[in-house]
């Protein structure tokens, strides 16, 4: 039995002399492992469609409980990302996050759409890296089930608080104190708060349709990164290398 599906290659693992195992985030099968036979051979027809970050259409068959690729056609290889080390490692961070958030054989089509939109925004639209990073991180947190409460201060109810508690995923005022553990609080400016509210609720096709100054994009990126990593309870090697490029 043959199946067709579209997906982005998140990870490629060496397997035997000429084969690879591909971890692919697909639209309708979820995160799955495909065996790419002979893909390391120079003349392999699967080679382009099987590289990291490639968005491809795969035809697969089930062989002894494992999906084996029979055909693959690349739809977008994002060459702009492959030729720029900053963009490459930022995109690699995105796919590492998706690899953690996505579960085997559990379709999350909105996660694939978000990843595609983020890669397109970096490579084709040339949007500021901090903005794309922040949108991807905060929206991914929402998709993963960590929708923050951005309505008002969780303590006094004020609608324009100036702190975001990344531990609790809630807004607070600097002067407000709650009983028990405080958690980690980060300053949030009015413009950044409005952007956060927009990102969490906007139509997927218009996620990047807002404006912020460079300084505000940096603030938003720091908040979104801190919130996502603390919720996922882990760091990412690609993010560490990406940040080292600016030191």
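The values are calculated or read from the model by the stated rules, or taken from the named source; none is laboratory data. Everything numeric here is computed off the predicted structure, so don't read it as measured data. All Cβ positions, glycine included, derive from the backbone under ideal geometry; neighbour counts span all protein chains shown.
I'm checking my understanding of the structure. Among residues of region 154-190 that are farther than 18 Å from residue 224 by Cα and buried (at least 16 other Cβ atoms within 10 Å of the Cβ), which one is farthest from the chain's Cα centre (by Cα)?
176
Please work out if residue 13 is surrounded by 18 or more Cβ atoms within 10 Å (Cβ to Cβ), free of Cβ contacts under 8 Å to residues at least 60 places away in the same chain and touching a strand residue (DSSP E or B) at 6+ places or on another chain (Cβ under 6 Å). Please lay out each step first, then the result.
Working: surrounded by 18 or more Cβ atoms within 10 Å (Cβ to Cβ): no; free of Cβ contacts under 8 Å to residues at least 60 places away in the same chain: yes; touching a strand residue (DSSP E or B) at 6+ places or on another chain (Cβ under 6 Å): yes.
In short, no.
Report yes if residue 133 is surrounded by 13 or more Cβ atoms within 10 Å (Cβ to Cβ), at negative phi and either free of Cβ contacts under 8 Å to residues at least 40 places away in the same chain or assigned by TED's automatic domain parsing to the domain that holds residue 92 (or both), otherwise no.
Working: surrounded by 13 or more Cβ atoms within 10 Å (Cβ to Cβ): yes; at negative phi: yes; either free of Cβ contacts under 8 Å to residues at least 40 places away in the same chain or assigned by TED's automatic domain parsing to the domain that holds residue 92 (or both): yes.
Yes.
Out of 155, 230, 223, which single residue is assigned to a helix (DSSP H, G or I), over 14 Å from residue 133 (Cβ atoms) and either in contact with a strand residue (DSSP E or B) (Cβ under 8 Å, 6 or more places away or on another chain) or in the same structural domain as residue 117 (by TED's automatic domain parsing) (or both)? Talk me through it step by step, then tell me what you get.
On the way: 155 fails: assigned to a helix (DSSP H, G or I); 223 fails: over 14 Å from residue 133 (Cβ atoms).
Unique residue meeting the criteria: 230.
Among (1) in contact (Cβ under 8 Å) with a residue 40 or more places away in the chain; (2) within 21 Å of residue 98 (Cα to Cα), where does residue 214 come up short?
Looking at each condition in turn, residue 214 falls short on (2).
Which one of these is at pLDDT below 95 and assigned by TED's automatic domain parsing to the domain that holds residue 230: 17, 106?
Details: 17 fails: assigned by TED's automatic domain parsing to the domain that holds residue 230.
106 is the lone residue from the list that is at pLDDT below 95 and assigned by TED's automatic domain parsing to the domain that holds residue 230.
Test residue 27 against the criterion of being surrounded by 15 or more Cβ atoms within 10 Å (Cβ to Cβ), in contact (Cβ under 8 Å) with a residue 12 or more places away in the chain and in contact with a helix residue (DSSP H, G or I) (Cβ under 6 Å, 6 or more places away or on another chain), and give yes or no. Give the steps one after another, and end with the answer.
Numbers: surrounded by 15 or more Cβ atoms within 10 Å (Cβ to Cβ): yes; in contact (Cβ under 8 Å) with a residue 12 or more places away in the chain: yes; in contact with a helix residue (DSSP H, G or I) (Cβ under 6 Å, 6 or more places away or on another chain): yes.
When the stated conditions are applied, residue 27 passes them.
Of all residues in region 102-122 being crowded, with 21+ Cβ neighbours inside 10 Å and in contact with a strand residue (DSSP E or B) (Cβ under 9 Å, 6 or more places away or on another chain), which is nearest to residue 230 (Cα to Cα)?
Of all residues in region 102-122, those crowded, with 21+ Cβ neighbours inside 10 Å come to 102, 111-112, 114-115, 118-119, 122.
Okay, now just the ones that are also in contact with a strand residue (DSSP E or B) (Cβ under 9 Å, 6 or more places away or on another chain), so 102, 111-112, 115, 119.
Details: 102: 17, 111: 19, 112: 22, 115: 20, 119: 23 Å.
The extreme case among them is 102.
Would you pick out the residues in region 181-198 that are outside any strand (DSSP E or B) and either out of contact with any helix residue (DSSP H, G or I) (no Cβ under 6 Å at 6 or more places or on another chain) or within 14 Å of residue 169 (Cβ to Cβ) (or both)?
Keep residues of region 181-198 that are outside any strand (DSSP E or B), which gives 181-184, 188-198.
Scanning region 181-198 gives 181, 182, 183, 184, 188, 189, 190, 193, 194, 196, 197, 198.
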